[in-house]
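> My questions all concern the structure below.
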């Protein structure tokens, strides 16, 4: 997913009706700007809409032409029903985000 603006963007939602848990095994953020650094913030919300935000990463600088992986297979998290993950960039069109997960249930 390309972050085309600086608004908080939902990258993964587990609806309250899914009857599943999602094991998030990877989140990778790539800065595709060859010159400028870009900050990223990633939050887990306690509800699929609204809810309380808990920071997974807060204004972490991703250097130009570099990647940042706040989650990997050895650091996975569970996204229970009625939860979501959002990401926000400090500059538009600089960051790409990839999320990998497994459905259980």
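The values are calculated or read from the model by the stated rules, or taken from the named source; none is laboratory data. This structure is a prediction, so every number in the text was calculated from the model and none was measured. Here the Cβ is made from the backbone with ideal geometry for all residues, glycine too, and neighbour counts use every protein chain on show.
> Free of Cβ contacts under 8 Å to residues at least 24 places away in the same chain and surrounded by 15 or more Cβ atoms within 10 Å (Cβ to Cβ): is that true of residue 48 in this structure?
When the stated conditions are applied, residue 48 does not pass them.
> In the stretch 65-99, which residues are outside any loop (DSSP other than H, G, I, E, B) and surrounded by fewer than 15 Cβ atoms within 10 Å (Cβ to Cβ)? Steps first, please.
Taking the stretch 65-99 and keeping what is outside any loop (DSSP other than H, G, I, E, B), we get 67-71, 73-75, 77-79, 83-89, 95-99.
Scanning the stretch 65-99 gives 67, 69, 73, 74, 75, 78, 98.
> For residue 60, work out the one condition from (1) under 21 Å from residue 13 (Cα atoms); (2) without any contact (Cβ under 8 Å) to a residue 40 or more places away in the chain; (3) surrounded by 13 or more Cβ atoms within 10 Å (Cβ to Cβ) it doesn't fulfil.
Every condition holds for residue 60 apart from (1).
> Follow-up question, since we're still on this one. From the list 55, 18, 2, which one is on the phi < 0 side of the Ramachandran plot and without any contact (Cβ under 8 Å) to a residue 60 or more places away in the chain? Working first, answer last.
Numbers: 18 fails: without any contact (Cβ under 8 Å) to a residue 60 or more places away in the chain; 2 fails: without any contact (Cβ under 8 Å) to a residue 60 or more places away in the chain.
Unique residue meeting the criteria: 55.
Conditions tested, residue by residue: (1) part of a strand (DSSP E or B); (2) surrounded by fewer than 13 Cβ atoms within 10 Å (Cβ to Cβ); (3) at pLDDT below 95; (4) within 14 Å of the chain's Cα centre (by Cα).
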position: 13; (1), (2), (3), (4): yes, no, no, yes
position: 18; (1), (2), (3), (4): no, no, no, no
position: 23; (1), (2), (3), (4): yes, no, no, yes
position: 30; (1), (2), (3), (4): yes, no, no, yes
position: 55; (1), (2), (3), (4): yes, yes, no, yes
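> Can I ask one more? Counting just the residues of the stretch 34-45 that are over 12 Å from the mean Cα position of the chain (by Cα) and buried (at least 17 other Cβ atoms within 10 Å of the Cβ), which one comes out farthest from residue 17 (Cα to Cα)? Working first, answer last.
Residues of the stretch 34-45 that are over 12 Å from the mean Cα position of the chain (by Cα), as a first pass: 34-39.
Right, trim to buried (at least 17 other Cβ atoms within 10 Å of the Cβ) and you get 38-39.
On the way: 38: 36, 39: 34 Å.
The selected residue is 38.
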